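Structure first, commentary second.
The values are calculated or read from the model by the stated rules, or taken from the named source; none is laboratory data. Keep in mind the model is a prediction, meaning the values are calculated, not measured. No Cβ is skipped: glycine too gets one built from the backbone with ideal geometry, and neighbour counts run over all protein chains shown.
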Amino acid sequence: MPVFDFSESTDNKNLAICTYETFASNNDAPSKDAPIMVLDNKKREWKHHSQGIFTNPVKRTSFEFNEEDGVQSADILRIDSRFTSLLKWLGENHIPVRLSGANTEEGYAVYRIRETAFGQGKKLSAEDGFLQFMIERLLSSNPPVEKETDEDDETEEEGDSMKLTSLQSIVDFMNCAGSTLPDNIRIWARRNLAVAKSSEVSPEERRHAQRALSIMMNVKWKYNYFEAIDPVEARRILDEELYGMEKVKQRIIETIIQINRTHTLPAYGILLCGPAGTGKSQIAYAVARILKLPWTTLDMSSINDPEQLTGSSRIYANAKPGIIMEAFSMAGESNLVFIINELDKANNGKGNGNPADVLLTLLDNLGFTDNYMECMIPTSGVYPIATANDKENISAPIMSRFAVIDIPDYTPEEKKRIFTDFVLPKILKRIGVSGEECVVTEDGVEEVVRLHSGVSGVRDLEQAAEHIVANALYQIEAQNLKTVTFDAKMVRELIG
């Protein structure tokens, strides 16, 4: 898969000769053994750090080294397919770079490309660190999908005459990495670039198009392939975050093992149902941590208009993307965990439609369309984890998109253990009081639990612990005590 497409014979000296082959890679940490590209070193070995430029593509697919004895050229033999367009851009604009590599039997293995002092050729967005941004972005992307070229695929955006603006950076990004974008987003970007650069539309339309482009290009659009997750490490994280709940932990580990077998996310998200304060949100954050994905939160109790999720049309001057698109932008990538809090409040629309209906398109993983972006956003890498107090208030269509896990309330014995081993140590550390300074006796712990026996969850136990520790600190400071011990009587007097 060469960078350049030549329909005429290469016997013509004015045409480039493609000297290399490309290879597909997902490697995000190039090294001597897994380089970005390999250059010919049969005639001479190259220095570890070498400066020069990629030659203009109409001459040859090579790199010109600035050596003590003059300019020396070496053909490119192999190149990571993600970087072909970037090298073409560097060559066309005569941008000097520094290569870091090592001489191997295969050739000079380049594993780092850095920008050097500018001054030659055009002043493009590389002067603002664009090159390093592009390299980091390409290393985190997937290789472009090989396919037969057609007229639409051969269309490329040309840089305009504007100087160092965000629009220029977007144009350069499309030229360098457009092939790594999903097809529909690449086509959408071309259309919006045309609008952003057009003199035939209003300034407001150009501004919206450029803003939408900036948002979309800032997201790393990844395939929904997931590396295997260590079940032992997953179990450790769950034990660290949660006490007991063996059935819940087992269900989550089953999900992890399913991902390891298929390397894709399950077809259904997780719905955690149970009383307030039983750790539903904590479980959701633990799963996001296990998956090693960024996460975002949708609080359905505060969303009463579908437009908050879908964004507003660009026909309005104050138009903006919806919460879901903003979540992709904040995360910076398309694979993320959506933690949907209080899903049972999702039906509370107030005249403009039902927010729950919007969620269906997100949960189906078939793609989500934001009214401001005017583009279908891939959602195959989205994993939804919802929480609810009462699943009876959740519509059947939404319920069918989740694997439901019921979270039971804790028994009195479990609450005592949680208070002693988890809640109290956490509060002591937060306030800066040692375990020797604040002691809660066994009957004191039992009294704390008894006083909150009519309350589900353990949130009230944490508030009680904070009250106890704060009171201990007050007595230590005011009365110069070295330790304060709380028995059942003192607990009752303090928080009863």
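Going by what's in this entry, would residue 240 be described as acidic (Asp, Glu) and not in a helix (DSSP H, G or I)?
Numbers: acidic (Asp, Glu): yes; not in a helix (DSSP H, G or I): no.
In short, no.
Quick one: which of 377, 407, 385, 394 is touching an Asp or Glu at 6+ places or on another chain (Cβ under 7 Å) and either loosely packed, with under 15 Cβ neighbours inside 10 Å or closer than 17 Å to residue 274 by Cβ (or both)? Break it down stepwise before answering.
Numbers: 377 fails: either loosely packed, with under 15 Cβ neighbours inside 10 Å or closer than 17 Å to residue 274 by Cβ (or both); 407 fails: touching an Asp or Glu at 6+ places or on another chain (Cβ under 7 Å); 385 fails: touching an Asp or Glu at 6+ places or on another chain (Cβ under 7 Å).
Of 377, 407, 385, 394, the one residue that is touching an Asp or Glu at 6+ places or on another chain (Cβ under 7 Å) and either loosely packed, with under 15 Cβ neighbours inside 10 Å or closer than 17 Å to residue 274 by Cβ (or both) is 394.
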Note to self: Cβ-Cβ distance below 9 Å, separation of 6 or more or different chains: which pairs start in region 166-177 with a residue that is closer than 16 Å to residue 91 by Cβ and end on one that is part of a helix (DSSP H, G or I) and among the acidic types (Asp, Glu)?
What the structure shows: 175/92
Checklist line | Members of region 259-277 found to be out of contact with any Leu (no Cβ under 9 Å at 6 or more places or on another chain) and either part of a loop (DSSP other than H, G, I, E, B) or without any contact (Cβ under 8 Å) to a residue 24 or more places away in the chain (or both), listed by number | finding: 261, 262, 263, 264, 266, 267, 274, 275, 276
Next item on the list: State yes or no: is residue 325 in a helix (DSSP H, G or I) and either farther than 22 Å from residue 372 by Cβ or modelled with pLDDT of 90 or more (or both)?
Entry: yes
Check: Which residue out of 489, 482 is basic (Lys, Arg), outside any helix (DSSP H, G or I) and over 37 Å from the mean Cα position of the chain (by Cα)?
Finding: 482
Next item on the list: Please specify each residue of region 81-120 satisfying the condition of being among the charged types (D, E, K, R) and in a helix (DSSP H, G or I).
Entry: 82, 88, 92
Check: Restricting to region 403-456, what's the tally of residues that are hydrophobic (A, V, I, L, M, F, W, C) and touching a Phe, Trp or Tyr at 6+ places or on another chain (Cβ under 9 Å)?
Finding: 9
Item checked: Condition check for residue 220: surrounded by 13 or more Cβ atoms within 10 Å (Cβ to Cβ) and either in contact with a Lys or Arg (Cβ under 9 Å, 6 or more places away or on another chain) or at negative phi (or both) -> yes
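Kindly provide the set of residues from region 31-90 that are among the small types (Gly, Ala, Ser) and more than 20 Å from residue 137 (Cα to Cα), ordered by number.
Of region 31-90, the ones among the small types (Gly, Ala, Ser) are 31, 34, 50, 52, 62, 70, 73-74, 81, 85.
Matches in region 31-90: 50, 52, 62, 70, 73, 74.
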Notebook entry, point to check: Of 198, 214, which residue is within 20 Å of residue 316 (Cα to Cα) and exposed (fewer than 15 other Cβ atoms within 10 Å of the Cβ)?
Noted result: 198
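From the residues in region 344-370 that are among the polar types (S, T, N, Q) and assigned to a loop (DSSP other than H, G, I, E, B), which one is modelled with the lowest pLDDT? First the steps, then the outcome.
The first filter runs over region 344-370 and keeps only residues among the polar types (S, T, N, Q), leaving 347-348, 352, 354, 361, 365, 369.
If we keep only those that are assigned to a loop (DSSP other than H, G, I, E, B) as well, we get 347-348, 352, 354, 365.
Working: 347: 70, 348: 61, 352: 66, 354: 79, 365: 78.
Selected residue: 348.
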Check: When residue 92 is evaluated against the numbered criteria (1) modelled with pLDDT of 85 or more; (2) crowded, with 16+ Cβ neighbours inside 10 Å, which criterion, by number, is the only one it fails?
Finding: (1)
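The rows are residues; the columns are (1) polar (S, T, N, Q); (2) surrounded by fewer than 16 Cβ atoms within 10 Å (Cβ to Cβ).
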| site | (1), (2) |
| --- | --- |
| 317 | no, yes |
| 323 | no, no |
| 335 | yes, no |
| 345 | no, no |
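Would region 211-232 turn up any residue that is of a type in the set (A, V, I, L, M), over 30 Å from residue 171 (Cβ atoms) and in a helix (DSSP H, G or I)? Break it down into steps so the answer makes sense when it comes.
Kept after step one, since they are of a type in the set (A, V, I, L, M), are these residues of region 211-232: 212-213, 215-217, 219, 228-229, 232.
Applying the additional criterion that residues be over 30 Å from residue 171 (Cβ atoms) yields 228-229, 232.
If we keep only those that are in a helix (DSSP H, G or I) too, we end up with 232.
Scanning region 211-232, I find at least one residue that is of a type in the set (A, V, I, L, M), over 30 Å from residue 171 (Cβ atoms) and in a helix (DSSP H, G or I), so the answer is yes.
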Note to self: Within region 371-473, considering only strands (runs of 3 or more DSSP E) that don't extend past its boundaries, which have at least 1 residues that are under 31 Å from the mean Cα position of the chain (by Cα) and closer than 23 Å to residue 344 by Cα?
What the structure shows: 382-388, 402-406
Check: What's the number of the condition residue 451 fails, among (1) modelled with pLDDT under 90; (2) within 18 Å of residue 409 (Cα to Cα)?
Finding: (1)
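For region 399-426, enumerate the residues that are more than 30 Å from residue 438 (Cβ to Cβ) and of a type in the set (D, E, K, R).
Initially, region 399-426 is screened for residues more than 30 Å from residue 438 (Cβ to Cβ), giving 399-408.
Result: 401, 406.
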